[in-house]
Amino acid sequence: TYATDTKSREENKKTIESLHRLSVDIKKIRRLKEWVLLQDVAYVKEIAGILQEMGADETAVTNILERCPEAILRTPAEINSQRTLWQLVCQNEKQLIKLIEQFPESFFTTEYHENQKANILFFQELGLKNNIITRFLTSAPSIFCNPVEKNRNVIETLQRNYLSLGGSDANMKIWILKLLSQNPFILLNTSTAIQENLEFLQKNDFTDHEVLQLLSKLKGFIFQLTSTTMQKSMLFSKNVFKCSDQELKQLVLKCPALLYYSVPVLEERLEGLLKEGISVAQIRETPMVLELTTQIVQYRIKKLSALGYDIKSGTLESLNGTKKDFEVSYGKIQSKKERPIFNPVAPIHVED
C-alpha cells in the first residue's frame with residue numbers, strides 16, 4: 001500500500017531519531033523496506049509504548065520493529081483494535097506478545113480487521129480450539145482476509161460432500177476440524193474447484209468410501225490440484241508401472257502422492273531411484289518411496305549401505321516413512337548386525 005505512495009522522497013528525520021532511540025538498526029530497514037522511512041507520518045513512540053504495555057521488553061520491541069518496520073505506520077487505534085481481537089484467542093498478553101515477536105507481519109496486517117474478527121468468531125462457533133485459531137492467524141493469515149461468507153461456503157461444501165460420500169453426521173464435525181487443522185489453506189479454494197475435484201475421482205471409479213479415504217490421507221491438499229494435473233499424473237504412473245485401471249487405483253490408494261505430485265516431480269524421483277539401481281518392480285511394490293525427495297533417498301541408501309544392507313536385493317520398506325520412521329528401521333538393522341550369535345540356553349564352559 002505504502003510502497004507506491006511515498007509522498008516525499010526524503011527520509012523522515014523524526015522517524016529515524018525515534019527508531020534510533022529504540023536501538024533499531026536503521027541500515028537494516030533502509031536495505032529491506034526503505035519506503036517506511038519515507039512516510040510523512042509514523043507512530044514509532046506510540047507503537048513501542050503499546051508493545052511495552054503488553055509486556056515486551058526493549059529487546060523485543062527492537063526486534064519486532066526491525067522485522068516489521070511497517071508496524072510504525074499503523075495508528076495506535078488500529079493496533080489497539082488488533083490487540084483486543086487477538087485477545088479473543090490468546091490465553092493472556094504474555095502469549096500474545098510472544099506471538100507478535102515470532103510473527104509480527106501477521107499481527108500488523110490490519111487492513112482486513114473486520115474480516116479477521118468475523119472469521120475468528122466463525123471458527124470458534126465451528127468448534128476449533130483457540131490454540132488452533134492462533135496457529136492459523138500466524139501461519140495462514142491469508143484465510144482471514146476472506147469474507148466470512150466465503151469461508152462458510154467452503155465449509156458447507158465440504159460438509160455436504162462428506163455426507164453424500166457416506167460419512168456420518170456424528171463424525172462430520174471431527175472430520176472437518178481435523179481437515180482444517182491439517183490444512184487451513186483449503187479455505188482459499190472455491191466451492192466449484194472442490195466439487196470438480198471430487199467428481200473427477202468418482203469418474204475414475206473411486207468408490208465414495210475410497211474418495212473419503214483419499215481426502216483424509218491427502219489432508220485436503222487434493223483441492224489445490226486440478227483434474228488436468230491429476231489426470232496427467234495418473235496416466236504417467238499407469239505407463240511407468242504398466243498396470244490396469246484397477247491396479248492403478250490400488251496404487252493411488254496405497255500412495256496418494258501418485259495423484260498429488262506433478263509429472264515432472266514424479267519423473268525426477270523415479271529417475272533418482274532407478275539411478276540407485278532400484279527396479280520399477282520394487283517401486284511398484286512400495287510406491288510410498290516416491291513421497292521422498294531424491295536427496296532424502298540418496299542419504300538413506302548411503303546410511304543403509306554402510307551397514308551392509310543391499311537395497312537392490314531387499315525391500316524398499318526400510319527407506320520409507322518420516323525421519324523418525326527411518327531412524328527406527330535403521331536402528332533395528334544396526335542392532336541386528338551388531339548382536340552376537342548367542343544361545344541363551346547353551347551351557348557355559350568354565351575352567352575348574
- prompt: Shape call for region 264-345 from the C-alpha gyration tensor, a ≥ b ≥ c root eigenvalues: rounded (a/c under 1.5), prolate (a/b greater than b/c) or oblate?
  reply: prolate
query: Which of CYS68, ILE155, THR294 sits farthest toward the positive end of the charge dipole of the chain, with +1 on the Cβ of Lys and Arg and -1 on the Cβ of Asp and Glu?
result: THR294
query: Among LYS98/LYS178; LYS98/LYS219; LYS303/LYS337, which pairs are too far apart, with a Cα-Cα distance over 20 Å?
result: LYS98/LYS178; LYS98/LYS219
query: Using +1 on the beta carbon of Lys and Arg, -1 on that of Asp and Glu, and nothing else charged, what's the dipole of region 187-305 about the Cα centre, debye to 20?
result: 460 debye
task: State in Å² the accessible area per residue of region 205-316; use a 1.4 Å probe, count heavy atoms of protein chains only, and round to the nearest integer.
output: 50 Å²
- prompt: How much length, in nm to one decimal, is gained on full extension between THR190 and ASN131, taken as 0.36 nm per residue of separation minus their Cα-Cα distance?
  reply: 18.6 nm
query: Using alpha carbons only, how many degrees (0 to 90, rounded to 10) separate the axis of helix 44-53 from the longest principal axis of the chain?
result: 60 degrees
With Cα atoms, 0 to 90° folded angle of helix 191-203 axis to the chain main axis: 10 degrees
field: Crossing angle, helix 323-338 versus the chain [Cα axis fit, 0-90 degrees, rounded to tens]
entry: 40 degrees
- line: With a Förster distance of 30 angstrom and the Cβ-Cβ distance between LYS203 and ASP169, calculated FRET efficiency to the nearest 0.05 equals 0.65
task: List the lysines whose Cα lies under 16 Å from the Cα of LYS275, skipping any in the same chain that are fewer than 8 positions away.
output: LYS302, LYS312
field: Solvent exposure, largest accessible area first (probe 1.4 Å, DNA, RNA and ligands not counted), of HIS20, HIS113
entry: HIS20, HIS113
statement: Carbon and sulfur atoms account, in whole percent of the 1.4 Å probe accessible area of the chain, for 53 percent
- prompt: Taking the inverse of the average 1/r across all pairs of different Cα atoms in region 10-109, what Kirkwood radius in Å do you get?
  reply: 13.5 Å
- prompt: Stokes-Einstein at 20 °C, 1.002 mPa s, Kirkwood radius from Cα pairs: D for the chain in µm² s⁻¹?
  reply: 86 µm²/s
message: Can you compute the modelled spin-label distance between GLN102 and ARG21, with each label point 7 Å from Cα toward Cβ, in nm?
response: 3.2 nm
- prompt: Considering only protein heavy atoms, what per residue accessible area in square angstrom results for region 10-109 with a 1.4 angstrom probe?
  reply: 51 Å²
query: What does the accessible area of VAL154 come to, in Å² to the nearest 10, when a probe of 1.4 Å is used?
result: 0 Å²
message: Below 8 Å, C-alpha to C-alpha, sequence gap of six or more: please give me the relative contact order for region 10-109 in percent.
response: 28 percent
- prompt: To the nearest 500 deg cm²/dmol, what mean residue ellipticity at 222 nm is calculated for the chain from DSSP H runs of n ≥ 4 alone, each contributing -39,500 (n - 2.57), summed and divided by the residues?
  reply: -18500 deg cm²/dmol
Distance between modelled label sites at GLU78 and GLU114, nm, 7 Å Cα→Cβ extension: 1.6 nm
- prompt: Once you charge only the Cβ atoms, +1 for Lys and Arg and -1 for Asp and Glu, what is the size of the charge dipole of the chain about its Cα centre, to the nearest 20 debye?
  reply: 400 debye
task: Please calculate the 1.4 Å probe accessible area of CYS145, with all protein chains present, and give it to the nearest 10 Å².
output: 40 Å²
statement: For SER23, SER106, the accessible-area ranking with a 1.4 Å probe, largest leading, is SER23, SER106
- request: Whenever you get a sec, line up THR62, THR84 from highest to lowest accessible area (probe 1.4 Å, protein heavy atoms).
  value: THR84, THR62
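The values are calculated or read from the model by the stated rules, or taken from the named source; none is laboratory data. The shown structure was predicted, so the numbers you read here are calculated from the model rather than taken from an experiment. Reconstructed Cβ throughout: ideal geometry from the backbone, glycine too, with neighbour counts over all protein chains shown. Each accessible area value is taken on the protein alone, full model and side chains, heavy atoms only, with ligands, DNA and RNA left out. Shrake-Rupley method; radii C 1.70, N 1.55, O 1.52, S 1.80 Å.
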